[in-house]
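Nothing in this text is a laboratory measurement; each read-out follows from the coordinates by a stated rule. Everything numeric here is computed off the predicted structure, so don't read it as measured data. Every residue, glycine as well, gets a Cβ built from its backbone with ideal geometry; the counts of neighbours run over all protein chains shown.
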Amino acid sequence: MHGRLKVKTTEEQAEAKRAEREQKLKLYREATEAIFQKRQEGQLDESVLELTSQILGANPDFATLWNCRREVLMRLETQKPPEEFAALVAAELGFLESCLRVNPKSYGTWHHRCWLLGRLPEPNWARELELCAKFLEADERNFHCWDYRRFVAQRAAVPPAEELAFTDSLITRNFSNYSSWHYRSCLLPKLQPLPDAQPPGRLPEDILLRELELVQNAFFTDPNDQSAWFYHRWLLGRADPQDAIRCLHVSRNEACLTVCFSRPIIVGPGIETVMLLVDESPLPVEWRTPDGKKRPNHVWLCDLPADSFNDQDSQHSFFLMWGDVQKECVLYKGRKESWCRDSATDEQLFRTELSVEKSTVLQSELESCKELQDLEPDNKWCLLTIILLMRALDPLVYEKDTLKYFQTLKVADPMRASYLDDLRSKFLMENHILKMEYAEVRVLDLSYKDLTVLCHLDQLLLVTHLNLSHNLLRSLPPALAMLRCLEVLQADGNAIETVEGVVNLPRLRELSLCDNCLQHPSVLQPLASCPKLSLLSLERNPLCQLEAAPEELRVLLPDVDRILT
Amino acid sequence: MADKLPSEFDVVVIGTGLPESIIAAACSRSGQSVLHVDSRSYYGGNWASFSFSGLLSWIKEYQEENNGEEWTAWQELILETEEGVALRKKDQTIQHVEVICYASQDSDEHVEEVGAVQKNPGSVTSASTNDPPDSMVTACSDTSELTTPLSEPEAAREVPDVDVTLGNENHGGDTDCSQSPLEQEKAGNLPVGEDVVDAPKKNRITYSQIVKEGRRFNIDLTSKLLYSRGLLIDLLIKSNVSRYAEFKNVTRILGYQEGNVLQVPCSRADVFNSKKLTMVEKRMLMKFLTFCLDYEQQPDEYKAYEECTFSEYLKTQKLTPNLQHFVLHSIAMTSEESTSTLDGLRETQNFLRCLGRYGNTPFLFPLYGQGELPQCFCRMCAVFGGTYCLSHAVQCLVVDKESGKQISRAVLITDQSVLKADSDQQISILTVPPVEPGSEAVRVVELCSSTMTCMKGTYLVHLTCPSSKKTAREDLESVVQKLFTPYAEAELENEELKKPNLLWALYFNMRDSSDISRECYNDLPSNVYVCCGPDGFLGNKNAVKQAEALFRLILPNEEFCPPPPNPEDIVFDGDGLQPELSSPKPEDAKEITDQGEVEECLEK
């Protein structure tokens, strides 16, 4: 019948497709070659713009071609009259938009737009914000676009409140949006200036409360969505601590000064400058780490010349400056050592900074999380948040509860069992450090705690006796070398295979490593650097089975008086 | 021109309702020659949408008395070897039509629609009941067991409303067809632009204003929505018919509780944003809805309650009464007394599966009204060569079974939404639970002006429920009074807390013929198939199912509405070399020589 439609057969279709593809490939290759040719010859003119646009229009991820365009535009900027160049820029913006429509997640395209807008004398930021809004409406989780929006908002000096309202609208549509939550965390601290006393990065109470309610709505609606939990964790977290010298320790016998910084640093010229004044006059010293490696470390030490210690003067003062922070410690006549340090209990090093009001906020957060946990007993995010809230409220009071929740959590999230063990070890160590400091002693007993890892060793600079027996440790890590005052270390009944951290400990006298997994005497090599070590217990280790072990150990550690195998 | 059209067709489809139009499109798509006729001057039958004046004409037609049947001329055309099957001409599917105008009618009576082509679309045709039939089709030439036309003229054996599809045989008969453009009124239905008279909030909207603006919007006879994962959407996409229509997502699901209209949180975003629910309620609701999504996988959760009603089951689910109400009436949209647990779970699951495909509610509404959809399929049919004749009654006899089921409908024009929100462009569906046990829930669909179903500053509200009393008005007026205030009374009322004003109301009953199958008719020729009118459900599932089932009977070996070929793969076959088709080729068929021209003649 007249006018009926006939459809090509599959073979015809395939053939037509193939021919079309071949033709496309040919054009693509020719254009690419032509561009590179021109670039090599330094022929950077509009024809290159035209050629690159053909290819980038189809494949915006060809980064080299974007570079070509940048070269051309920079060249033309110097050659063209301003109005002609402005037209080129307008065309470039239009072209970029069409590329973004092809692929809204192309790094090259967004980067080129950033570059172009950054160079314009009078960029139309309002239009750019609109463009972002449009692309985020199509895909509210396009992080390329979020990135660009932050760039635009910053350049256009958009008030944080407006941007916050924008994130509101997108969270309302779909709260599973890391980018949007993250942007909030950047905007909120800028929202209203805080009183000077408060460290930067913290939120005023009313805002914090509002945000907590918002995020609670999210995790009650969908407790398995981790974006909300992550934001919640940020809300409860603390700002990065400010730089500080946590502890300064001087030892007369070892003629040594030891410093503990608030973060791992490398002391040295051009990196971190530290100045030492002894009795108010500068003393140039050589800084080193306890393990001798020049890597970022919390603890640095230096040898003091003998004349800074003469016992005639009633006292010697040691004054250390690091950037704009400082600490002083005075060594009185007749004393062997002296120190000055920040206490973990005073500074609440392991906790969020909380006013009384915030504690009540946290208390109610804890209540609602417990409520959610009743409904969703196996939700790992909820369990973990309960643990974190308890720690934030009072780590010692909630210690038992916390350990109980850890057990539930390990069952609910077996894939992260080891991570949870480590986290639990960390929290337990924090608690025991607090207890030790409250008791004002230098002895720390961590036996039978199921510890899998050692944390916060920088806080143990002054500890003389440490008991790590009957835990699940597999090594004595390098950080242990920070314990400069350690005299007795017990670590029986673990699964220790290496003892790298037992190195250069000037006062270590006794070391007990019975019932561990030490395979061969050679792993004990680091102990040779501990000058005072006189008693070493190695009973019931695999190396005891080796016939040659006692002999090898004597050769390896000739200064150790007694080695029990 | 008309008499040069082909006189034989593979398939003749009578009536342009949704299932008929789908069948016509499917047959045409499969290469059948299709004649699609409708006695009315408009497309869609009871599925149609009208401009305001079109609706007034429709009302007038149905308020007039039936003046008996003309039965003469065409009988002479039946050959000795043929027999006629009579169809009743007068449509009795619509009853109890009542119109109440609340808006002020003080201005002159002669207001006409802006740019109206004719005041009454019916008047351009001969469809008015007193005219003699101007066309006839004799059908079923070799069916011998057919009864003589009107030999037993009981009401029970007549077919006033049935839309009949005739299958696979060539039918002789004189047809007086013209290739009508799809809709003569379409030109008036341009999107409302800036030039539209913007009814200011404080200004009273008058009846004459509505009449004047009447061509800018379309009012549906049948109020339905499309489930976004429903059969109709699937079909529209698969067949590519979707490109002929535009849709809007329903924006809100509303509930009615203790005299208040509330927004029902149903999507994840709704639950998150809801200020009405407590945290624990949020969790319980989400938990229950997540369970419903794949309830089949967790039979232990509901096995024990299979014998109970869904509402009893909900009570066991740790849901607060608030949430039970939302789930029962607004999400599952089921009955409190009679829906079983399994049916309720299935309905809830269906609702949830449709969520999020096109937005935060499960429903779509076609711009310009539901009546667009049959037309879209007609267009598809025409693109593949189908022939259209409107205003041509077909008179042949089939026997009607009276269906007891009636749908009660109300169409209202109001001046504001039942639940005000930031945006006045909301499309909402509200289920009003039954007032007393035994009565029926009323489904309310409120459309804003951007759906092109009402003028700016007004809302079009459809109420639908199965009929239980005598007339639609008796069924629905109590709900109307709960939600709205008649316009005149409004002046006395406090401006605050005021219900929306009712400007205009139409009530009618429409027959629900969904339970009528061809088995209900005696002596139906084997190649005659029967379609239903609109049913009382919200979705269009039954129409699509029926269309597909009938198509399979007519053309058992053909695919149902396959995707049309890629435009670049189409070879225009101007020579008409179509070996499988032996039907005589009309000499002058240039209106369907190529697709472009057909498109043009169908251009809206």
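The mean sequence distance of close C-alpha pairs (under 8 Å, at least 6 residues apart), as a share of the length of region A:356-415, puts its relative contact order at 36 percent. Cross-link pairs exceeding 28 Å between alpha carbons, from the set B:Lys276/B:Lys541; A:Lys336/A:Lys449; A:Lys327/A:Lys435: B:Lys276/B:Lys541; A:Lys336/A:Lys449.
Averaging 1/r across all pairs of distinct Cα atoms in region A:1-123 and inverting the result yields a Kirkwood radius of 16.5 Å. Modelled spin-label separation between A:Lys24 and B:Gln105, with each label point placed 7 Å from Cα along the Cα-to-Cβ direction: 6.4 nm. Residues A:Lys410, A:Lys190, A:Lys435, ranked from the fewest to the most other C-beta atoms within 10 Å, line up as A:Lys190, A:Lys435, A:Lys410. Using the Cβ of A:Ser418 as centre and a radius below 12 Å, the other residues enclosed give a net charge of +1, where K and R count +1 and D and E count -1. Near the amide H of B:Glu246, within less than 5 Å, lie the amide hydrogens of B:Leu367, all on another chain or at least 5 residues away, with H placed in the peptide plane. Here the Debye sum runs over all C-alpha atoms of chain A as equal scatterers in vacuum, and log10 of I(q)/I(0) at q = 0.09 Å⁻¹ comes out as -0.94. Summing Lys and Arg as +1 and Asp and Glu as -1 over all other residues whose Cβ lies under 14 Å from the Cβ of B:Phe551 gives a net charge of -1. With Cα atoms as the point set, the radius of gyration and Dmax of region A:245-341 evaluate to 12.8, 38 Å. The residues A:Thr78, B:Thr334, A:Thr360, A:Thr408, when put in order of fewest to most other Cβ atoms within 10 Å, stand as A:Thr78, A:Thr360, A:Thr408, B:Thr334.
A Stokes-Einstein calculation at 37 °C with viscosity 0.692 mPa s, built on the Kirkwood radius of region A:441-563 over Cα pairs, returns a diffusion coefficient of 232 µm²/s.
A cut-off under 13 angstrom between Cβ atoms defines the neighbours of B:Asp270, and their net charge, with Lys, Arg +1 and Asp, Glu -1, is +4. Proximity of backbone amide H atoms, modeled 1.01 Å from N, is registered between B:Leu502 and B:Thr485, B:Tyr487 at under 5 Å, excluding neighbours fewer than 5 places apart on the same chain.
Seen against the Cα atoms of chain A and their longest principal axis, helix A:380-393 is set at about 50 degrees.
For GluC sites (Glu not before Pro), the sites in region B:253-314 that DSSP calls loop and that have at most 16 other Cβ atoms within 10 Å are B:Glu258, B:Glu306, B:Glu307. Provide A:Leu164, A:Leu538 in ascending order of the number of other Cβ atoms located within 10 Å of each residue's Cβ, fewest first. Ordered by Cβ neighbours within 10 Å, fewest first: A:Leu164, A:Leu538. Which entries in B:Lys420/B:Lys499; A:Lys370/B:Lys318; B:Lys420/B:Lys498; B:Lys469/B:Lys545; A:Lys404/A:Lys426 show an alpha-carbon gap greater than 20 Å? Beyond 20 Å between Cα atoms: B:Lys469/B:Lys545. Rounded to the nearest Hz, the phi-derived 3J(HN,Hα) couplings of region B:288-298 under the Karplus curve 6.51 cos²θ - 1.76 cosθ + 1.60 (θ = phi - 60°) are 5, 5, 4, 4, 4, 4, 9, 4, 4, 6, 10, where x marks glycine and proline. If R0 is 51 Å, the Cβ-Cβ spacing of A:Leu191 and B:Lys470 corresponds to a FRET efficiency of close to 0.20. Here, P(r) means the percent of Cα pairs in each 10 Å bin from 0 to the largest distance; for region B:315-393 it is 15, 29, 23, 17, 13, 4.
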